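**Student:** Questions regarding the structure given below will be posed in turn.
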Amino acid sequence: MRFPAHIQAYVVGGAVRDRLLGLAVQDRDHVVVGATPEDMVHLGFRPVGKDFPVFLHPHSQEEYALARTERKTARGYKGFQVYASPEVTLEEDLIRRDLTINAMAEAADGTIIDPYGGQRDLEAKVLRHVSAAFSEDPVRILRVARFAARFAEFDVAPETLALMREMVASGEVDALVPERVWQEIARGLMEARPSRMLEVLRDCGALKKLLPEVDALFGVPQDAAKHPEVDTGAHLLRVLDWAASQHHELPVRYAALVHDLGKGLTPRSRWPDHSGHEAAGMDAVREVSTRLKVPTDCKELGLAVARWHGEAHRADRLDAAALLALLEATDAFRRPERFEQFLLACADDHHGRPGYETRPFAQADRLRQALSAAQSVDAGAVAAASPGHIPQAIRAARTAAIQATLASC
């Protein structure tokens, strides 16, 4: 589409950054300078913005936002007054953005407009805030942490980290709404190195505010014979990155995040073996999931893994009756797909230890075999043959089937 001479449109933000990095561009956002809302409608664009003027292109459906500035009016990420007009310049629009690597624009002829050093910071692999306006929006703390998880080789600039710490200390983070926190945490969990997100949040003090149950794991020792990394927090970081390396879905990664929360609650007298941490961790998982309004599939898998991952790790020592009890406790018969996610999260826990990366997690295979054997039982036939004791009869038949399968292996 050709714009009138007094209107200029630029590709901005992540599309410019990713093209310069040689990455595939997923979405393209645009900023329009010199236009009014009426101009955009006249050109065929469809208005969709609620808080500021955003329009969808009539053919590509890409977003075009009018150049705008913002003024802080209240605490939190919604406490802004937006001003959009034809007089707002591209540079004024870009300076309100979070990081220099996201504050570049590309003109129609391919020219890069980079008033704040984004290309320099791309080359230096630095995440640096654009201006002091960064401190007005606490979501930007989460965004920096998420970008650290995406671009794991990038470092947060010292002055940006210092500003983030000031924001946490001032209480700005306390104004974040749960839905937005979860949105950014979930996106960070799905990046290539989710451990970096937690590290950045911990470095600036935000982890203790947003996920105190996770923050409590750092500095808590574990049995070195089972966990060569010793520190529970360090183990969590490794588990998350292993889950990411296996391209696991969000519920599995969330279960990895919360699987050991009980170890942050066990008294020192039970260090370093943390006996009973599985049951203790369930309340913490419920608290986190409720507070952040975590989706049900993530919450339920997180609870199952937190409670039963210890038993799964001991599956090679469980007899047929105990294996059946674990299958029943994890709802494997009614929800076999979720049971498979349970096993994946337990495998992440296994492999997320130094020296265990290539060690097979044979317990998962044993549990899959047990489930397959138990599923082979014709529950209807068993029920018909034992009408007065149906649950006990089905359980006995499943136990026998599991025992026969294990004996043949």
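**Student:** Search the range 192-203 for residues that are closer than 17 Å to Pro158 by Cβ and pair each with any residue that is at pLDDT 95 or above and assigned to a helix (DSSP H, G or I) when their beta-carbon atoms are under 6 Å apart and the residues are at least 6 apart or on different chains.
**Tutor:** Arg196/Ala148; Arg196/Ala149; Val200/Ala145; Val200/Ala148; Leu201/Ala145; Leu201/Leu207
**Student:** Also, I was wondering about something else. Which condition number does Ala304 fail, the rest of (1) within 23 Å of Pro360 (Cα to Cα); (2) over 21 Å from the mean Cα position of the chain (by Cα) being met?
**Tutor:** Condition not satisfied by Ala304: (2).
**Student:** Just wondering, is there one or more residues in the range 348-369 that are of a type outside the set (Gly, Ala, Ser), under 24 Å from Arg187 (Cα atoms), at pLDDT 95 or above and out of contact with any His (no Cβ under 9 Å at 6 or more places or on another chain)?
**Tutor:** Yes, the range 348-369 contains at least one residue that is of a type outside the set (Gly, Ala, Ser), under 24 Å from Arg187 (Cα atoms), at pLDDT 95 or above and out of contact with any His (no Cβ under 9 Å at 6 or more places or on another chain).
**Student:** Shifting gears a bit: Taking Ala192 and the conditions (1) in contact with a Lys or Arg (Cβ under 6 Å, 6 or more places away or on another chain); (2) not in a helix (DSSP H, G or I), which numbered condition does it fall short on, given that it satisfies the others?
**Tutor:** Of (1) in contact with a Lys or Arg (Cβ under 6 Å, 6 or more places away or on another chain); (2) not in a helix (DSSP H, G or I), only one is false for Ala192: (1).
**Student:** At pLDDT below 95 and within 20 Å of Gly352 (Cα to Cα): which single residue out of Pro251, Pro272, Pro267 fits that description?
**Tutor:** Pro272
**Student:** So which of Arg120, Arg96, Arg2 is within 33 Å of the chain's Cα centre (by Cα) and assigned to a loop (DSSP other than H, G, I, E, B)?
**Tutor:** Numbers: Arg120 fails: assigned to a loop (DSSP other than H, G, I, E, B); Arg2 fails: within 33 Å of the chain's Cα centre (by Cα).
Sole residue among the options that is within 33 Å of the chain's Cα centre (by Cα) and assigned to a loop (DSSP other than H, G, I, E, B): Arg96.
**Student:** Which pairs turn up if I take residues in the range 14-31 that are more than 17 Å from Asp98 (Cα to Cα) and look for partners that are basic (Lys, Arg) and not in a loop (DSSP other than H, G, I, E, B) with beta carbon separation below 8 Å, at least 6 apart in sequence or on another chain?
**Tutor:** Cβ pairs passing all conditions: Val25/Arg19.
**Student:** Inspect all residues belonging to the range 153-173 and state whether any of them is aromatic (Phe, Trp, Tyr), closer than 23 Å to Ala103 by Cβ and in contact with a Leu (Cβ under 6 Å, 6 or more places away or on another chain). Lay out the reasoning, then the answer.
**Tutor:** First, the residues of the range 153-173 that are aromatic (Phe, Trp, Tyr): 154.
Okay, now just the ones that are also closer than 23 Å to Ala103 by Cβ, so 154.
Checking which are in contact with a Leu (Cβ under 6 Å, 6 or more places away or on another chain) leaves us with 154.
Among the residues of the range 153-173, at least one is aromatic (Phe, Trp, Tyr), closer than 23 Å to Ala103 by Cβ and in contact with a Leu (Cβ under 6 Å, 6 or more places away or on another chain), which makes the answer yes.
**Student:** State yes or no: is Val173 more than 21 Å from Gly352 (Cα to Cα), hydrophobic (A, V, I, L, M, F, W, C) and part of a helix (DSSP H, G or I)?
**Tutor:** Values: more than 21 Å from Gly352 (Cα to Cα): yes; hydrophobic (A, V, I, L, M, F, W, C): yes; part of a helix (DSSP H, G or I): yes.
It is true that Val173 is more than 21 Å from Gly352 (Cα to Cα), hydrophobic (A, V, I, L, M, F, W, C) and part of a helix (DSSP H, G or I).
The values are calculated or read from the model by the stated rules, or taken from the named source; none is laboratory data. If you're wondering where the values come from, they're calculated on a predicted model, not measured in any experiment. Neighbour counts run over all protein chains shown; Cβ positions are idealised from the backbone, glycine included.
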